[in-house]
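Okay, structure first, notes after.
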Amino acid sequence: MPLPLTDRAAVVRACLDVMRESEALYLTTLDDDGAPCTRAVFNLRRESQFPGLRDLFRAGDDSLMVYVSTNTSSEKMRQIRRDARVALYYCIPRTFHGVMLSGRVEEIVDHTVKDRIWQPGWEIYFPTGRRDPDYTILRLRPGRVRGWLGERAFDLRLGEDL
C-alpha cells in the first residue's frame, strides 16, 4: 500500500538516503522498438565514491534531481535523442530498498555544470578532458518516484506526467 501523502517529506528523505548509498544507478531507455534497455551508470550521488559532488546536490537536498554522465556517441544517447523518457533505479538489496525515478531527461550543454561534475580520471572515458565532444551530462527532474522502502511501497507524483 502506498505511503500516505502526509508522509511525503519522510519518503523523499528516505529516497535521498537510498540514492546516496546505492552502489550503482541503473538507467533505462527505450530502444527503436519501444523495448526497455537497462544499463548501470555511475551513481554521482554516492557520497563515498564522489565526495566532491556532495555540495552539488546539497543545494537542492529536497530535490530528487539526478545527473548522469555518459558518452555522446553511446547507444543510450541515440535512444534518448529519439525518446527522452527514461527511468533511473537505485537500490540497496540487503534492506529491500529501491527507488525508481521517471520522466524526461535533458542534455546539459552548460560548461559550468559539466565542469562542476567532471571527475579526475574520467580521461579514460573522455580522452581530451572536460571539453571532449563525447562528454555528456544528462539531468532528470523526475515527474514520478516509485519504490519500496523496507516493507512499504510508495508512489509520488512530482511533476508533469510522461
- Query: Which residue, of GLY103, GLY143, GLY159, GLY147, is free of Cβ contacts under 8 Å to residues at least 60 places away in the same chain and buried (at least 19 other Cβ atoms within 10 Å of the Cβ)?
  - Reply: GLY103
- Item | Only listed residue being charged (D, E, K, R), surrounded by 13 or more Cβ atoms within 10 Å (Cβ to Cβ) and at pLDDT below 95, chosen from ARG152, ARG116 | ARG152
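Identify all residues within region 29-43 that are within 27 Å of ARG58 (Cβ to Cβ) and open to solvent by less than 30 Å² (accessible area, probe 1.4 Å); write none if there are none.
Going residue by residue through region 29-43, those that are within 27 Å of ARG58 (Cβ to Cβ) are 40-43.
Those that are within 27 Å of ARG58 (Cβ to Cβ) and open to solvent by less than 30 Å² (accessible area, probe 1.4 Å): VAL41, ASN43.
For region 120-130: of the residues being of a type outside the set (Gly, Ala, Ser) and open to solvent by 30 Å² or more (accessible area, probe 1.4 Å), which is farthest from ARG152 (Cα to Cα)? Steps first, answer last, please.
Start the filter on region 120-130 by keeping residues that are of a type outside the set (Gly, Ala, Ser), which leaves 120, 122-128, 130.
Next cut, open to solvent by 30 Å² or more (accessible area, probe 1.4 Å) only: 120, 123-125, 127-128, 130.
On the way: PRO120: 39, GLU123: 42, ILE124: 41, TYR125: 39, PRO127: 44, THR128: 46, ARG130: 41 Å.
Here the answer is THR128.
Quick check on GLU107: is it under 17 Å from the mean Cα position of the chain (by Cα) and charged (D, E, K, R)?
On the way: under 17 Å from the mean Cα position of the chain (by Cα): yes; charged (D, E, K, R): yes.
So GLU107 passes the test.
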- Note on the structure: Note on region 27-51: residues over 15 Å from CYS91 (Cβ atoms) and of a type in the set (A, V, I, L, M) are LEU30, ALA35, LEU44
- Item | The lone exception for PRO133 - which of (1) in a loop (DSSP other than H, G, I, E, B); (2) closer than 22 Å to THR28 by Cα; (3) open to solvent by 80 Å² or more (accessible area, probe 1.4 Å) it fails | (2)
- Task: Name every residue in region 50-96 that is open to solvent by less than 20 Å² (accessible area, probe 1.4 Å), assigned to a helix (DSSP H, G or I) and of a type outside the set (A, V, I, L, M), in order of residue number.
- Result: PHE57, GLN79
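GLU47: surrounded by 11 or more Cβ atoms within 10 Å (Cβ to Cβ) and either of a type in the set (Lys, Arg) or touching a helix residue (DSSP H, G or I) at 6+ places or on another chain (Cβ under 8 Å) (or both), yes or no? Break it down stepwise before answering.
Numbers: surrounded by 11 or more Cβ atoms within 10 Å (Cβ to Cβ): yes; either of a type in the set (Lys, Arg) or touching a helix residue (DSSP H, G or I) at 6+ places or on another chain (Cβ under 8 Å) (or both): yes.
For GLU47, the condition - surrounded by 11 or more Cβ atoms within 10 Å (Cβ to Cβ) and either of a type in the set (Lys, Arg) or touching a helix residue (DSSP H, G or I) at 6+ places or on another chain (Cβ under 8 Å) (or both) - is met.
The values are calculated or read from the model by the stated rules, or taken from the named source; none is laboratory data. This is a predicted model, so every value here is computed, not measured. For neighbour counting, all protein chains shown are included, and Cβ atoms are generated from backbone atoms with ideal geometry for every residue, glycine included. We work out accessible area using only protein heavy atoms, side chains counted, and drop any ligands, DNA or RNA first. Shrake-Rupley method; radii C 1.70, N 1.55, O 1.52, S 1.80 Å.
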